[in-house]
Amino acid sequence: MTESQLLTGPLEPTNESYAIAKIAGIKLCQSYRRQYGSNFISAMPTNLYGPNDNFDLKSAHVLPAMMRKFHEAKEAGTREVVIWGTGTPRREFLHADDLADACVFLMGHYEGEGHVNVGTGEDLSIRELAEALRAIIYPEAALAWDASKPDGMPRKWLDVSLLHGLGWRHRIGLREGVASTYDWFLRNPDHLRL
């Protein structure tokens with residue numbers, strides 16, 4: 001999805017409220033810029049993960065929820081980890097430290113009114129994500145898919161050509177980021193949002 005494609009079609013029903021809130025923020029920044037001449041920049045990140053994430057199975061996003069499921073299965077010696085959906089939807093993930101770096105970069109290199117997509121420009125299936133988490137956390141686990149749970153949108157993937165054209169690229173690969181996030185998870189039991 002390019003920046004110009006925002007608001008060119010219907011919003012995905014399961015994410016509509018969240019999407020409207022993000023869009024309202026973008027429009028607010030554009031209005032402040034026009035009315036007050038403020039150099040507000042709207043960064044539109046893809047799915048984020050990293051230290052201090054929300055690992056609550058009722059409200060967490062897919063990557064931290066999956067991380068917790070693999071961890072708990074490992075701790076309990078459960079041989080199977082159940083993942084929601086079919087595993088076929090595709091998603092893009094960005095480490096929170098890369099988002100912070102991109103925001104600092106944009107403050108020094110971008111003056112436009114429009115929002116800027118911030119992501120890796122790379123996506124993978126939920127099945128591939130589960131396999132990556134399994135390899136890092138609990139390689140012995142078997143994957144089971146609960147197709148009675150929703151998949152959500154078939155694909156969420158940002159076109160980051162604008163950001164790449166400005167000279168910024170992510171530095172933390174998914175496997176490295178998942179490993180460091182899991183290490184943080186293990187070292188910070190008192191700070192976990194469960």
| query | Could you list, in sequence order, the residues of region 144-177 that are surrounded by fewer than 16 Cβ atoms within 10 Å (Cβ to Cβ), part of a strand (DSSP E or B) and either of a type in the set (Phe, Trp, Tyr) or touching a Gly at 6+ places or on another chain (Cβ under 8 Å) (or both)? | reply | Asp146
| said: Scan region 97-105 and tell me whether some residue there is among the aliphatic types (A, V, I, L, M), surrounded by 13 or more Cβ atoms within 10 Å (Cβ to Cβ) and in the same structural domain as Pro154 (by TED's automatic domain parsing). | reply: yes
| task | Could you check Val81 against (1) crowded, with 18+ Cβ neighbours inside 10 Å; (2) hydrophobic (A, V, I, L, M, F, W, C); (3) within 17 Å of the chain's Cα centre (by Cα) and say which number it fails? | result | (3)
| task | Report, ordered by the first and then the second residue, all pairs with beta carbons closer than 9 Å, sequence separation of six or more or different chains, a first member in region 106-127 that is closer than 30 Å to Thr86 by Cβ and in contact (Cβ under 8 Å) with a residue 12 or more places away in the chain, and a second member that is of a type in the set (Lys, Arg) and outside any strand (DSSP E or B). | result | Thr120/Arg169; Gly121/Arg169
| message | Quick test for you: out of Thr78, Thr86, pick the one residue that is in contact (Cβ under 8 Å) with a residue 60 or more places away in the chain, touching a strand residue (DSSP E or B) at 6+ places or on another chain (Cβ under 8 Å) and β-branched (Val, Ile, Thr). | response | Thr86
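When you scan region 143-153, do you find a residue that is more than 30 Å from Glu75 (Cβ to Cβ), within 17 Å of the chain's Cα centre (by Cα) and aliphatic (A, V, I, L, M), even just one?
yes
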| Only listed residue being under 22 Å from the mean Cα position of the chain (by Cα) and either touching a residue at least 24 places away in the same chain (Cβ under 8 Å) or not assigned by TED's automatic domain parsing to the domain that holds Asp123 (or both), chosen from Lys69, Lys58, Lys22 | Lys22
| remark: Quick count over region 96-117, residues being β-branched (Val, Ile, Thr) and either under 30 Å from Trp145 (Cα atoms) or touching an Asp or Glu at 6+ places or on another chain (Cβ under 8 Å) (or both), is 1
| Considering Thr2, Thr46, which residue is in contact (Cβ under 8 Å) with a residue 24 or more places away in the chain and loosely packed, with under 13 Cβ neighbours inside 10 Å? | Thr2
| Taking region 6-19 as the search range and keeping residues that are in contact (Cβ under 8 Å) with a residue 12 or more places away in the chain and more than 23 Å from Leu129 (Cβ to Cβ), which one is nearest to the chain's Cα centre (by Cα)? | Leu6
| query | Out of curiosity, is Leu99 closer than 19 Å to Asn188 by Cα, within 12 Å of the chain's Cα centre (by Cα) and not in a loop (DSSP other than H, G, I, E, B)? | reply | no
| remark: Reported set for region 1-47 where residues are among the polar types (S, T, N, Q), part of a helix (DSSP H, G or I) and modelled with pLDDT under 90 is Ser4, Gln5, Thr14, Asn15
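The values are calculated or read from the model by the stated rules, or taken from the named source; none is laboratory data. In this text the structure is predicted, and so the values were computed from the model without any measurement. Counting neighbours? That spans all protein chains shown, and the Cβs are built from the backbone with ideal geometry, glycine included.
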